[in-house]
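Structure record follows, encoded as structure tokens.
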Amino acid sequence: MADLSLSHVSKRFGAQTAVTDLNIDIASGELVVLLGPSGAGKTTTLRLAAGLEAPDSGSVCIGGRDVTRLAPALRDVTFVFQQYSLYPHLSVYDNLAFPLRSPLRKISEADVKTRVLEIARMLRMEDKLHNPATKLSGGQMQRVAIGRALVRNPSVYLMDEPLSSLDAKLRNDLRLELKRIQQETGATMLYVTHDQVEALTLANRIGVLDQGRMVQLGTPQQVYEDPHTVAVASRLGSPRINLLARAALGPVSIPAHVHTVGLRAEHLQLTDSNAADAALRATVQRIERLSDQYLVHLRLNDSKAELIVAAPPAQLAHAGQSVGVHIAHSLWFDAAGLRVRA
Ligand code: ATP
């Protein structure tokens, strides 16, 4: 495995800027997830790393070697796409063996077999090796597609939403499996997803892209707890962070240059409407039951703004009830969406 770095990389398509001055250093064996809204430049970043696009400026290095001008086939990277591409007329075994049987590689059939069996064991598909690809379920097909990427043992894996075409259960299973395989093999991966659960569970670090720029790069915990912008704050967290205009909070003392206040549901506590530590007064609108907690949807009495508070089951409120809200922690942002530190 090798490290991957993109330095000051920019890419435009005509008038459209896809990526601007992007810097990212991925250590050998690290899994970095790129998150961001549609059009943020995630796929373009992967394609630039793969050599499927050439940057207008900046450089791409793999294993310390400048590969900016190198063709994709010479970069030793594999790309896994959302839509699995298997050879339908071949068995699982032959699909997995295919990348190893390239005439350029000159690998003996005995070594091919050893490697295919090793990957099949990792994928937990030893018993499916002789099935034709067409006889597999969607999840099994995608597992084989991922296996075909793993079998070659490239320097870097590039994955573009490899699980997004699967149903929720398979997606969960394969996500865990992919993490296990990545840890087992020490693979270096750059992984794109829209799914924040995938990002939080897979990533060593998360890079959040917005309009072609890397807005923040850090561990899942850093990005969640210490977001640099309002866009980053709202990308991670379920339920989504409550974002209120400063004015909606009425008497709460907040510096004048704060434009938006971010309140995560778990940083709010319901109290008695007359409690001394109640910063806000509200009325319960409805209650959403999750497996281990309730989400209480409130409307603030003064501003009529809506707010979601996480509450333990013991503290069950009812619709129409008047409550107070204690704010344990808040995140402040200026008019441009940048974080304002207390
Ligand atoms: P999504 O999540 O929708 O896949 P993304 O974050 O992967 O989005 P990109 O596909 O990298 O975003 O696109 C970034 C910007 O570059 C978009 O505005 C897109 O329209 C533009 N773009 C990407 N590829 C091309 C291309 N080949 N020609 C023209 N514009 C392109």
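Observations on the structure shown:
- Using the 1.4 Å probe convention, the accessible area of segment 242-340 works out to 51 Å² per residue with neighbouring protein chains retained.
- Sulfur and carbon atoms: percent of accessible area, segment 212-278 [1.4 Å]: 49 percent
- Result for the chain in a Gaussian network model with C-alpha springs under 10 Å: among 85, 234, 137, the largest mean-square fluctuation is at 137.
- Probe 1.4 Å, protein heavy atoms only - accessible area per residue of segment 82-171 in square angstrom: 49 Å²
- The convex hull of the Cα atoms of segment 242-340, projected and averaged over all directions, covers 6.2 nm².
- The Cα center of segment 24-57 and the Cα center of segment 88-138 differ in position by 28 Å.
- Under 5 Å between amide hydrogens, built in the peptide plane, is the criterion, and for residue 280 it picks out 325 among residues at least 5 positions away or on other chains.
- Pairs of alpha carbons in segment 90-165 whose separation is greater than 18 Å (percent): 37 percent
- For segment 246-298: rounded, prolate or oblate by the Cα gyration tensor [a/c cutoff 1.5]: prolate
- Simple Cβ-charge dipole of the chain, Lys/Arg +1 and Asp/Glu -1, about Cα centre, in debye nearest 20: 600 debye
- The slack in the chain from residue 306 to residue 321, taken as 0.36 nm per residue of separation less the alpha-carbon distance, amounts to 3.9 nm.
- Only lysine pairs 8 or more places apart, or on different chains, with alpha-carbon atoms under 21 angstrom apart are counted in the chain, and they number 6.
- Built amide H within the under 5 Å cut-off of residue 90, gap 5+: 133
- Our summary gives the chain a relative contact order of 17 percent, counting only alpha carbon pairs under 8 angstrom and 6 or more residues apart.
- In terms of overall dimensions, the C-alpha atoms belonging to the chain reach 78, 46, 31 Å along their principal axes, ordered largest to smallest.
- Only protein heavy atoms count here; under a 1.4 Å probe, residue 169 has an accessible surface of about 140 Å².
The values are calculated or read from the model by the stated rules, or taken from the named source; none is laboratory data. Worth saying up front: this structure is predicted, and the values here are computed from it rather than measured. Here Cβ is always computed from backbone atoms with ideal geometry, including for glycine, and neighbour counts include all displayed protein chains. Side chains included, ligands, DNA and RNA excluded: accessible areas come from the protein's heavy atoms. Shrake-Rupley method; radii C 1.70, N 1.55, O 1.52, S 1.80 Å.
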